[in-house]
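Taking it in order: structure first as structure tokens, then the write-up.
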Amino acid sequence: MLKKSVEDALNKQINAEMYSSYLYLAMSAYMESVSMKGFARWLRVQAKEELGHALKFYDYVIEAGGTVRLAAIEAPKTTWKSAGGVFDQVLAHEKKVTGLINGIMDTAVKEKDYATQNFLGWFVKEQVEEEANATEIVAQIEIIGDIPGHLFCLDRELGKRE
């Protein structure tokens with residue numbers, strides 16, 4: 001049975017992961033609106049991945065004997081100034097999520113909840129990958145700048161994401 005503090009933190013993370021999915025879907029829609037279909041595809045795949053993360057937390061709470069309590073999902077912004085602006089926010093958001101995961105881990109450690117610590121280990125590792133991917137794209141955008149031809153090449157590359 002989950003302790004209340006751990007259950008509450010996990011439920012908050014379900015909402016945070018759902019928001020992440022919603023945010024990336026909004027970003028994907030924006031990139032579609034500016035004819036950057038590769039960026040849009042990358043972000044849509046990311047939105048699906050974040051939904052999967054939310055469901056992992058959801059399933060874990062149930063499996064661990066807790067109660068899932070879903071909350072309203074905040075509406076994300078819908079426009080950005082550039083592809084660089086979108087991916088700057090992606091990176092900032094992934095850093096925020098890393099902090100949230102680390103906070104849940106701190107709570108699980110404090111409560112001596114070894115099962116939850118073990119469950120969270122996958123997410124700790126996943127966040128290293130998420131931040132690395134976002135950092136790489138931000139760096140690429142910074143290198144190429146707002147030059148349409150160069151952005152087009154990156155757009156094509158990002159569109160290959162499965």
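Every number in this text was worked out from the coordinates using simple rules, so none of it is lab data. Note that the coordinates shown come from a computational prediction; the quantities given were computed from them, not determined experimentally. Quick reminder, even Gly has a Cβ in these numbers, built from the backbone with ideal geometry, and neighbours come from all protein chains shown.
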Fill in the blank from the handout: When Gly52 is run through (1) touching a residue at least 12 places away in the same chain (Cβ under 8 Å); (2) among the small types (Gly, Ala, Ser); (3) farther than 14 Å from Leu120 by Cα, the failure sits at (1)
Completion exercise
Checked the stretch 22-37 for anything buried (at least 21 other Cβ atoms within 10 Å of the Cβ) and either in contact with a strand residue (DSSP E or B) (Cβ under 8 Å, 6 or more places away or on another chain) or within 21 Å of Thr98 (Cβ to Cβ) (or both); matches are Leu23, Tyr24, Met27
Practice task
Check Ser35 against each of (1) in a helix (DSSP H, G or I); (2) within 24 Å of Glu162 (Cβ to Cβ) and name the one condition it does not meet.
Solution key: (1)
Handout entry: Among (1) among the basic types (Lys, Arg); (2) free of Cβ contacts under 8 Å to residues at least 24 places away in the same chain; (3) not in a loop (DSSP other than H, G, I, E, B) - the single one Lys95 does not satisfy
Key = (2)
Completion exercise
Residue set Asp106, Asp88; condition in a helix (DSSP H, G or I), loosely packed, with under 14 Cβ neighbours inside 10 Å and either free of Cβ contacts under 8 Å to residues at least 60 places away in the same chain or out of contact with any Asp or Glu (no Cβ under 9 Å at 6 or more places or on another chain) (or both); output residue Asp106
Handout entry: For Val124: the one exception among (1) in a helix (DSSP H, G or I); (2) loosely packed, with under 12 Cβ neighbours inside 10 Å; (3) among the aliphatic types (A, V, I, L, M)
Key = (2)
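Which residues, counting only those in the stretch 24-64, are touching a Lys or Arg at 6+ places or on another chain (Cβ under 8 Å) and farther than 14 Å from Val90 by Cα?
Applying the first criterion (touching a Lys or Arg at 6+ places or on another chain (Cβ under 8 Å)) to the stretch 24-64 yields 24-26, 28, 31, 38, 41-42, 45.
Those that are touching a Lys or Arg at 6+ places or on another chain (Cβ under 8 Å) and farther than 14 Å from Val90 by Cα: Gly38, Arg41.
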Practice task
State which residue pairs qualify: first residue closer than 21 Å to Glu94 by Cα and inside the stretch 2-19, second residue of a type in the set (Ser, Thr, Tyr) and assigned to a helix (DSSP H, G or I) in any location, beta carbons under 8 Å apart, and separation of 6 or more residues or different chains.
Solution key: Ala9/Thr107; Leu10/Tyr60; Leu10/Thr116; Ile14/Tyr58
